[in-house]
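What follows is a set of notes on a single structure, which appears directly below.
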Amino acid sequence: MHIAILTLTFSLPGCGSLKEKRQRMGGLHARFGNTPSVAVCESGGRARHDASEWTFVIVGLSKREVESQCSQIEEKLEWIVDARVMNVEREFV
């Protein structure tokens, strides 16, 4: 069993409220939380409307499978959120 922790930090320039932040982040929990091998949560910046940090925990049978899923998540995030990715961290446990 292989586990990766993928943490992404986002900047939301021009975002004026927490409601707008939720709209711009596009329901990440609903999109990725339904996948059995992925757990997701907003792990930082919850009270800030101009920034957000999201953590994904990915589990798989092989490191290659987990790495592939991390890359897919990163790629999808670039298309579905209206925010700038400021930092990406991958940690294998």
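A few remarks follow.
- The lysines within cross-link reach of Lys63, meaning a Cα-to-Cα straight distance under 21 Å and a gap of 8 or more places when in the same chain, are Lys76.
- The stretch 75-89 and the stretch 17-73: distance between their alpha carbon centers, rounded to Å: 10
- Rg and Dmax, both from the Cα atoms of the stretch 1-89 and both in Å, are 13.1, 42.
- Sum of -39500 (n - 2.57) over DSSP H runs of 4+, divided by residues of the chain (222 nm, nearest 500): -10000 deg cm²/dmol
- Normalised contact order of the chain, rounded percent, pairs of Cα under 8 Å and 6 or more residues apart: 50
- Per residue, the accessible area of the stretch 4-93 comes to 60 Å², computed with a 1.4 Å probe over protein heavy atoms only.
- Residue by residue, the stretch 19-31 carries 3J(HN,Hα) couplings of 4, 5, 4, 4, 5, 6, 7, x, x, 4, 4, 5, 6 Hz when phi is fed to the Karplus relation 6.51 cos²θ - 1.76 cosθ + 1.60 (θ = phi - 60°); x denotes Gly or Pro.
- Amide H partners (placed H, <5 Å) of Ser43, local residues excluded: Glu53, Trp54, Thr55
- Accessible carbon and sulfur surface of the stretch 10-78 relative to its total accessible area, %, 1.4 Å: 49
The values are calculated or read from the model by the stated rules, or taken from the named source; none is laboratory data. Note that the coordinates shown come from a computational prediction; the quantities given were computed from them, not determined experimentally. The accessibility values were calculated without ligands, DNA or RNA, using every heavy atom of the protein model including side chains. Shrake-Rupley method; radii C 1.70, N 1.55, O 1.52, S 1.80 Å.
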